[in-house]
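The values are calculated or read from the model by the stated rules, or taken from the named source; none is laboratory data. None of these values were measured; they are calculated from a predicted model. For neighbour counting, all protein chains shown are included, and Cβ atoms are generated from backbone atoms with ideal geometry for every residue, glycine included.
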Amino acid sequence: MNYSICIPTIYKSISRTDLFEFMNDNIGAVSRIDCIDLNQHNRRVFVHFSEWYSNKGYAQILQYQLEKKGSFEIYIPNTKNKNNPIFHATILINKNPLSNTDFQIKQLRKFIGNYAQTTHYLNKKILVLESKVLLMEDALKKLYGSYYGIDMQDDMNMDPMISNELNC
């Protein structure tokens with residue numbers, strides 16, 4: 001038996017904790033939960049189990065229905081929404097479950113892509129900050145020069161104490 005199921009559409013308000021507790025208490029030992037955002041309000045969820053419970057009636061019914069019909073209707077508690085504390089969902093057999101290795105590779109690729117984007121953004125930010133520092137140094141030299149009445153283009157004319165502060 002495949003130990004992986006798919007919930008094609010579920011509200012994002014259903015927390016991973018709610019899913020984990022429900023699945024772990026009623027169906028089997030959950031090894032991981034993968035989520036894919038579909039839009040602002042919904043996501044697709046894949047629940048992977050290390051084992052199905054054989055001694056729980058709910059798990060036996062679910063397994064039987066999945067094998068016979070290919071789907072099963074469930075009701076999941078929603079602790080974040082007090083007006084609608086139970087959510088209806090359809091469970092399907094996950095026909096192409098990712099192994100832990102495949103999952104880790106996929107997550108690593110995503111992390112590397114995010115890291116590259118972040119690095120690019122931070123490098124641009126550093127360039128902007130460096131140019132602002134240069135502008136501030138120029139403004140400080142002009143201010144110092146006008147206060148003491150000296151030309152600050154040549155750092156040699158600057159007070160050594162101020163020169164050290166500007167070059168730190």
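Figures for the structure shown
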quantity	calculated
The listed residue being modelled with pLDDT of 65 or more and surrounded by 12 or more Cβ atoms within 10 Å (Cβ to Cβ), out of Leu127, Leu143, Leu92	Leu92
Subset tally (residues that are free of Cβ contacts under 8 Å to residues at least 24 places away in the same chain, more than 23 Å from Gln60 (Cα to Cα) and in a strand (DSSP E or B)) for region 29-48	2
Complete set of residues in region 1-51 that are of a type in the set (Phe, Trp, Tyr) and over 19 Å from His88 (Cβ atoms)	Tyr3, Phe49
Residues being out of contact with any strand residue (DSSP E or B) (no Cβ under 7 Å at 6 or more places or on another chain) and outside any loop (DSSP other than H, G, I, E, B) - total across region 1-28	4
